[in-house]
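Working notes for the structure below.
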Amino acid sequence: MDYNTTAKMKTEWSIENHASTIFTDGAFKEIQEQILETYNHCSLVSISNDSSPEVYKAVSVDIDQIHELTSTVREARQQIFVDGVVTSTAQKKKIMDEFYGAEAPQEVDVHPPEVVSTKGCGSRLPSRVEKALKLKSKPMRQCKKCQEWGHHDSRNCDKFKEKEKMRSRRNSDV
């Protein structure tokens, strides 16, 4: 049974690939760490495929890590396999329940979250009609440059700007 379909392989070794197919995510991550330590601290000498399981021979600086990996794999294998035969689904479920320390519920109730927070700034661009209505609701004021009542002031007075342009054109023509 393939418990781990989303495992990300960190080595090219088939032992890691095999471990990903028989262990749960949590158990596989623990074993994968040990495999990765072996991968980083050992150099692979040979792989023999004479018997049904592949045999890896490696040379290491720290042999204790190799023994730890071997014992971890051996313990996990003894829990899942009995006399080389895959245990039943019920027995595997019992082993997993013991591993996690709690039983998996028979029925899972999933409810939507009570508060939903959407992404985004929460503002949108107003349409031309909305802009016109907003401008209409603003009070009018008197421009001190052109002396007209409207929605502009002396800093953005169009008539004053036009007068300045005309003056600059006349001065440049002379």
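All of the numbers you see were taken from the coordinates with simple rules; none came from a lab. Predicted, not measured: the structure shown is a model, and the values here were computed from it. Every residue, glycine among them, receives a Cβ derived from its backbone with ideal geometry; neighbour counts consider all protein chains shown.
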Report task. Would you kindly state how much longer the chain becomes between Glu103 and His18 on full extension, computed as 0.36 nm times their sequence separation minus their alpha carbon distance, in nm to one decimal? Result -> 28.0 nm
Requested in this report: Hey, can you grab everything whose amide H is under 5 Å from the amide H of Cys146? Only 5+ residues off in sequence or another chain; H modelled, so Pro and N-termini drop out.
Outcome: none
Report task. First measure r as the distance between the Cβ atoms of Lys10 and Arg77, then evaluate 1/(1 + (r/R0)^6) with R0 = 22 Å and state the FRET efficiency to the nearest 0.05. Result -> 0.60
**Report entry** Cα-based reach from Lys144 at 30 Å (exclusive), listing lysines while leaving out same-chain residues under 8 positions away
**Finding:** Lys131, Lys134, Lys136, Lys159, Lys161, Lys163, Lys165
Report task. Multiply the residue gap between Ala90 and Gln147 by 0.36 nm, knock off their C-alpha separation, and tell me the result in nm, one decimal place. Result -> 11.4 nm
Query raised in the report: What is the packing order of peptides 139-150, 102-113, 17-28, taking the mean over residues of other C-beta atoms within 10 Å and listing the highest first?
Result: 17-28, 139-150, 102-113
Query raised in the report: What does the charge add up to near Leu125, with Lys and Arg as +1, Asp and Glu as -1, over the other residues with Cβ less than 15 Å from its Cβ?
Result: +3
